[in-house]
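Read the structure below first, then the notes.
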Amino acid sequence: MEKMIQDAIQDAKVSGDTLFDTVSARLSKVDESIRYPDKAGGCFIKVTRVYTKEGRKPIEGVQVGDYVLSSPEDGSGAPEYKRVLKTIAHEPQPIFRISIGPEGWEFPDPLTAVVATGNHPFWVEGIGWTRADMLKSGQRLRQGNGDFAVVYGMEPVYRTGKEGIGWVPTGTKLDGYGTVFNYAEYDVASDEDQEQFKYLPREVLNSDDLFLRVPVFNIEVEDFHTYYVGGKHGFWVRGALSTS
């Protein structure tokens, strides 16, 4: 997915609306086998909360032998706790911010943000396992309590030139205003950073290296190969699959 976006950048050779439109057009033409993965990988940033038998735990702190809430990966059956077989830490990867809220959400109520690599599969009701970078507004995600949540946005996180600090546009213009956040520590950016990076730095916008990269983590879960992350009740996601 990252290579496809970089190819779009090379094709466009421009900034702002034209670049945004070129990238969006490429995303809309992704092959269906990529859109709905059977065995895709993927990961989350370190503070992403995983639903375990002991409560919510940052994925970075989940250990082999912990029990996490899981469900049969074909979409049938009730959630139950399954053991973690393996924990996985990856080198820094590009990330996407997925904005999720309850059905019937209205502004200015807050949304929940889940930050994942583009290839991490989420269960979309009526479709099945779908890569994070192919999620669309209006799609429904299954939660650990059986209710559904709704996707209200999905955006790549752009680098600012400062380690860990990412930028997301507030509209469709990459040369317009955006918001900044400390994605490495998952914390509010300092006032200084918020002021400095209201706009994507020109040297980033004009480069071939647009995206923020941070360390990411995943787990392998016995039997069902799934777990729940983020939000009040957890959103259902696919875990790592054994390569043995």
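The values are calculated or read from the model by the stated rules, or taken from the named source; none is laboratory data. Note that the coordinates shown come from a computational prediction; the quantities given were computed from them, not determined experimentally. Every residue, glycine as well, gets a Cβ built from its backbone with ideal geometry; the counts of neighbours run over all protein chains shown.
Residue-by-condition table, conditions (1) closer than 21 Å to Gly101 by Cα; (2) not β-branched (Val, Ile, Thr):
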{"site": "Pro169", "(1), (2)": "yes, yes"}
{"site": "Asp193", "(1), (2)": "no, yes"}
{"site": "Leu200", "(1), (2)": "no, yes"}
{"site": "Val214", "(1), (2)": "no, no"}
{"site": "Val221", "(1), (2)": "no, no"}
{"site": "Phe235", "(1), (2)": "yes, yes"}
Neighbours by Cβ (under 8 Å, 6+ apart or cross-chain): first from segment 183-200, over 9 Å from Ile165 (Cα atoms); second charged (D, E, K, R) and at pLDDT below 95:
Tyr199/Asp175; Leu200/Asp175
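To keep it simple, each residue is scored yes or no on (1) modelled with pLDDT under 95; (2) closer than 17 Å to Leu111 by Cα; (3) in contact with a strand residue (DSSP E or B) (Cβ under 8 Å, 6 or more places away or on another chain).
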position	(1), (2), (3)
Leu135	no, yes, yes
Gly144	no, no, yes
Phe148	no, yes, yes
Tyr158	no, no, yes
Gly176	yes, no, yes
Glu192	no, no, no
Ser242	yes, no, yes
Among residues of segment 80-98, those that are in a strand (DSSP E or B) and crowded, with 19+ Cβ neighbours inside 10 Å, counted:
7
Residue within segment 205-223 that is over 23 Å from Met134 (Cα atoms), part of a loop (DSSP other than H, G, I, E, B) and either under 16 Å from the mean Cα position of the chain (by Cα) or modelled with pLDDT of 95 or more (or both) present
yes
Selection from segment 99-110 of residues that are within 30 Å of Leu210 (Cα to Cα) and either assigned to a strand (DSSP E or B) or in contact with a Phe, Trp or Tyr (Cβ under 7 Å, 6 or more places away or on another chain) (or both)
Ser99, Ile100, Gly101
